[in-house]
1. Using Cα atoms only, what is the angle between the long axis of helix B:48-61 and the major principal axis of chain B, expressed in degrees (0 to 90) to the nearest 10?
2. Are there trypsin sites (Lys or Arg not before Pro) in region A:197-285 that DSSP marks as loop and that have at most 10 other Cβ atoms within 10 Å, and which are they?
3. Report, as an integer, the average count of C-beta atoms from other chains found within 10 Å of each Cβ along A:48-55.
4. May I ask you to compute the full-extension gain from A:PHE38 to A:SER121, defined as 0.36 nm times their residue separation minus their alpha-carbon distance, rounded to one decimal in nm?
5. Working from Cα positions, state the angle (0 to 90°, nearest 10) between the long axis of helix B:13-42 and the longest principal axis of chain B.
6. Between the DSSP loop rule and a limit of at most 14 other Cβ atoms within 10 Å, which chymotrypsin sites (Phe, Trp or Tyr not before Pro) in region A:234-287 are left?
7. Can you list the lysines whose alpha carbon sits under 26 Å from that of A:LYS232, skipping same-chain ones fewer than 8 residues off?
8. If you plug each phi of region A:243-259 into the Karplus form 6.51 cos²θ - 1.76 cosθ + 1.60 with θ = phi - 60°, what whole-Hz ³J(HN,Hα) values come out, in order, with x for Gly and Pro?
Amino acid sequence: MALMAAGVVMAAGGAFLIFGRDVHAMTPAEEGLHPTQFPWEHTKWHKTYDHASLRRGFQVYREVCASCHSLSRIPYRTLVGNMMTVDEAKALAEENEYDTDPNDEGEIEKRPGKLSDYIPSPYKNDEAARAANNGALPPDLSLMVKARHGGVNYIFSLLTGYPEEPPAGATVPDGLNFNPYFPGTGIAMARVLFDGLVEYEDGTPATTSQMAKDVVEFLNWSAEPEADERKKMGWKVIAVTSVLLGLSIWVKKYKWAPIKSRKIVYNPPVVGTPVSKLKQMENQKAK
Amino acid sequence: MASPIYNLFFRKNTAMLTTVFVTMFGFQMAFDTGSTVLWDKINQGRQWKDIKSRYMEKEDEE
């Protein structure tokens with residue numbers, strides 16, 4: 001009896017270990033709140049970026065994020081034909097100074113930026129960036145959408161997810177801000193987007209969520225500038241290859257039809273005439 | 001077997017090759033144009049070419 005009870009307990013224990021409470025390497029707080037799936041239009045397979053949104057998003061980047069975050073993989077020339085005219089991009093590039101190649105005396109001078117130059121970083125180097133931000137490095141945003149789980153949903157949730165006050169019981173270390181979406185919930189970046197922070201030239205109301213949406217779509221473009229072309233090409237490839245697939249199925253059927261519809265009949269030899277009898281018949285013929 | 005189509009396009013190797021190249025060229029043009037028209041229709045108002053007039057015109061005024 002006692003043995004049976006022990007067996008039941010052990011089986012229950014085993015079942016609990018296998019099917020029971022999940023075991024996490026991290027607590028949910030360390031993992032961060034999973035972002036909401038937002039109904040993005042530009043991530044659909046048949047939709048391009050909304051380039052008016054990219055233009056607004058770039059404005060948000062320049063006016064808000066650029067004071068802390070670099071965007072070092074984006075040269076001015078890529079803006080042309082995506083969200084700016086040539087003249088606008090040139091004017092923007094000329095606002096910044098870049099080093100020249102060494103002249104005859106080996107001196108490096110300054111020249112205004114050109115279309116081929118890359119968007120300048122706010123800090124000289126990572127150490128300077130850390131020093132200015134309480135020891136936290138504002139990461140480069142060029143590939144940020146690709147670099148975080150959840151991509152656009154995560155960054156949108158992060159930017160719009162700062163509560164007025166941390167919830168009761170949450171511990172927020174000094175110098176950090178509470179954001180449930182950030183793994184660990186304590187993030188060195190404070191809330192940066194507030195209603196009406198920028199003024200859009202196209203008259204779109206600059207609400208927090210509008211700015212977040214625009215800047216996130218812009219960051220998606222900076223991480224995947226080829227997406228529009230890639231999607232279009234993808235559809236063309238699918239169109240052509242599906243015709244080819246149809247054709248090859250037809251050819252296969254055409255070639256196999258006579259083989260598949262062939263009737264194979266097997267006529268077994270007549271059994272039952274013993275060999276001795278055959279020999280007798282042969283002998284009779286011979287006579 | 002000697003249909004006019006066969007005689008004209010496939011009988012001689014040179015004619016066959018010409019047919020292939022000309023069809024290829026024509027098909028590609030038609031396919032590319034067609035898919036661009038469709039794509040632009042699906043994405044009406046979203047692409048830079050749809051909105052750039054706003055910013056081009058503004059420059060002319062200045």
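All of the numbers you see were taken from the coordinates with simple rules; none came from a lab. Only a predicted model underlies this, so the values are computations on that prediction, with no experimental measurement involved. Cβ: placed from backbone, ideal geometry, glycine included. Neighbour counts: every protein chain shown.
1. 50 degrees
2. Working: sites: A:LYS213, A:ARG230, A:LYS231, A:LYS232, A:LYS236, A:LYS252, A:LYS253, A:LYS255, A:LYS260, A:ARG262, A:LYS263, A:LYS277, A:LYS279, A:LYS285; in loops: A:ARG262, A:LYS263.
Loop-located and lightly packed - A:ARG262, A:LYS263.
3. Details: counts 8, 4, 6, 9, 7, 1, 3, 4.
Other-chain Cβ atoms within 10 Å of each residue's Cβ, averaged: 5.
4. On the way: separation 83, 0.36 × 83 = 29.88 nm, distance 3.04 nm.
Taking 0.36 nm per residue and subtracting the Cα distance, the gain is 26.8 nm.
5. Approximately 30 degrees, to the nearest ten.
6. Working: sites: A:TRP235, A:TRP250, A:TYR254, A:TRP256, A:TYR266; in loops: A:TYR266.
Passing both the DSSP loop test and the Cβ count: A:TYR266.
7. The qualifying lysines are A:LYS44, A:LYS47, A:LYS146, A:LYS213, B:LYS41, B:LYS49, B:LYS52.
8. Per residue, the Karplus-derived 3J(HN,Hα) values read 5, 4, 5, x, 4, 6, 5, 4, 4, 4, 5, 4, 6, 8, 3, x, 6 Hz.
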